[in-house]
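Heads up: the structure comes next, in structure tokens.
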Amino acid sequence: AQAARGEGLKYIGAQAVRTRLKEQGLTPLPSTATIERVLRRAGMTHPRRRKNRQRPHPQLQERTPAEVHGSPRRRPTGLSLARKKCPLYEGKVHFIRKKVKDDGTISVLNVDWEVGQDWAGKGVWATLTLRTDGARLQVYDAAPDVPQRRLLASHPFPLSEPVLPRPRPGSAPTKPQAKPPRAAPQAHAPRNDVLMYDR
């Protein structure tokens, strides 16, 4: 009420309200979550705007990935996500790593891959190429659409399932064969990886 009248509090927020209640000697003090809930119900807060968390990348001439490549594609209306595990098809998956670790490695799908001590602290692009005869992770100094880029490292990428040829439009997809024996190190996709799929 004080903020609405322009008295006392200059802004409305749970922490500011809790501080004022503490100054007035109120006990027990409500939690900030409780105060936020009361303020929201009273219509005295504004929803927070989401901040753009993308940062400029040194290998993109200090531009963000969105500035270089545009907005990510949205899922078409009516397209449902698969409820069962999908097979792997031939193609490429690109990963941006803003900083090579001090030991000269990057982490891709929960496995550390050697890039080189010379690249510690610098940004790189990693491309996972999936083919029917195997998979390979290659690390470059620039994005895939840069005309001239340098290959920094190349590693075989072990998989626990076969890679199928990409089905042609209108044809039935190939069914996966029996699983081959499991190879190590095993890579699993974490939730925090930014993946872009490329044919």
Every residue in the range 93-152 that is closer than 22 Å to ARG166 by Cα and hydrophobic (A, V, I, L, M, F, W, C), please. VAL93, PHE95, ALA126, LEU128, LEU130, ALA135, LEU137
Tally up the residues in the range 115-169 that are over 22 Å from ASP103 (Cβ atoms) and touching a helix residue (DSSP H, G or I) at 6+ places or on another chain (Cβ under 7 Å), please. 2
ALA135 being among the hydrophobic types (A, V, I, L, M, F, W, C), farther than 20 Å from PHE157 by Cα and modelled with pLDDT of 90 or more: no
Tally of residues being assigned to a strand (DSSP E or B), in contact with a Leu (Cβ under 8 Å, 6 or more places away or on another chain), surrounded by fewer than 18 Cβ atoms within 10 Å (Cβ to Cβ) and of a type outside the set (S, T, N, Q) across the range 102-145: 2
Residues that are surrounded by fewer than 17 Cβ atoms within 10 Å (Cβ to Cβ) and among the small types (Gly, Ala, Ser), drawn from the range 146-166: SER154, SER160
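The values are calculated or read from the model by the stated rules, or taken from the named source; none is laboratory data. Keep in mind that what you see is a predicted model, and the values were worked out from it rather than measured. Note that each Cβ is placed from the backbone with ideal geometry, even for glycine, and that neighbours are counted across all protein chains shown.
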